[in-house]
Amino acid sequence: MTRKKLTAPDIVNKKARGEKIIMLTAYDASFARMVDQSGADIILVGDSLGMVILGYDSTVPVTMDEMLHHAKAVRRGAGEAFVVGDMPFLSYQVSPHEAIGNAGRFMKEAGCDAVKLEGGEEVAAIVQALVRAGIPVMGHIGLTPQTAGQLGGYKVQGRDVDSARDLLSAARALEAAGAFAVVLECLPDRLAKVISQAITIPTIGIGAGVDCDGQVLVTHDLLGMFEKFVPSFVKNYAQLAPQMKEALASFRREVVDGVFPDPEHSFTMQLEVEKLLAAAGGGTDADEE
Ligand code: KIV
């Protein structure tokens, strides 16, 4: 299926038309191809790759070079899909100059269509600078994993009046700064609904209820491939990890038992060649026939 290449304004227009936006993560070309073929609107090269792929305990250690390496692979598999590169911790907070340099690498070196960064009012000036430089930006508020320590851990945000008000202001600040969409992570569903109604750019929820303008999940979570930690908001649409482990164990068993590779998965030679080899001194199966 070839699809029209989406742009940031197309994604904003989907909200105006009341069409849900589908975003999924991918970290390599083969997953990007599958996600694209599933009909998702946006492929996010999330810094969650630090935990899912690289084995870190959080997203904090992820570097620009690691993100670019994976973003390039995703771009190669993603066809015409809209690809968003997730800016890693401290790649955008230091100065607008550095933020533009790093975001520019996602666009120029990895072929991303946009970048995502975490934070509200405190990053609004950075978002504005990126947008002015011609780089589409997706915001991310609520539970922001890069600063989860400051938030007291991986917890639902916006449960009291003050923090709910702060999150609404954060969403408005990102919209005013020129972001084309904003991820709402781990918010009460009523708050996510209020924010979604208060801004004209789409909200993309993860653990934020059904009233967001779109939804995102980490693909490995959705497929049941990442067993180390499964947040309660994740729905497993498949349970692949047990099946994958069983398949790997079967391979091991069959090799140990001499069952694999069987003739169907081996290459045979013409009888004449076997006879020639036998004549040259090597015993072959042809000797036995
Ligand atoms: O890094 C990531 O995968 C994300 C999504 C969970 C929104 O930021």
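Each reported figure results from applying straightforward, stated rules to the coordinates on display, with no laboratory input. A quick note: this is a predicted structure, and the numbers were derived from the prediction, not measured. Cβ sites come from the backbone with ideal geometry, for glycine too, and all protein chains shown count toward neighbours.
Quick notes on this one:
- Descending by average beta-carbon neighbour count within 10 Å, the peptides 201-213, 25-37 line up as 201-213, 25-37, the highest first.
- For the peptides 135-143, 47-55, the ranking by mean Cβ contacts within 10 Å, running from highest to lowest, is 135-143, 47-55.
- The mean of 1/r over all distinct Cα pairs in the chain, once inverted, gives the Kirkwood hydrodynamic radius of 21.0 Å.
- For the chain, relative contact order (Cα pairs under 8 Å, six or more residues apart, normalised by length) works out to 14 percent.
- Across the range 36-153, the relative contact order, built from alpha-carbon pairs under 8 Å that are at least six residues apart, equals 23 percent.
- Extension reserve of the residue 80-residue 197 stretch, reckoned as 0.36 nm per residue once the Cα distance is removed: 39.1 nm
- Over the chain, DSSP H runs of length four or greater, each weighted -39,500 (n - 2.57), average out per residue to a 222 nm ellipticity of -12000 deg cm²/dmol.
- Centroid-to-centroid separation of the range 4-53 and the range 180-195 [C-alpha atoms, Å]: 18 Å
- Of 72/235; 116/228; 14/72; 108/193; 72/228, those spanning more than 30 Å from alpha-carbon to alpha-carbon: 108/193
- Size of charge dipole - the range 188-289 - debye, nearest 20, with Cβ of Lys, Arg +1 and Asp, Glu -1, no other charges: 1120 debye
- For the chain, a crude dipole built from +1 on the beta carbon of Lys and Arg and -1 on the beta carbon of Asp and Glu, taken about the Cα centre, is about 1500 debye to the nearest 20.
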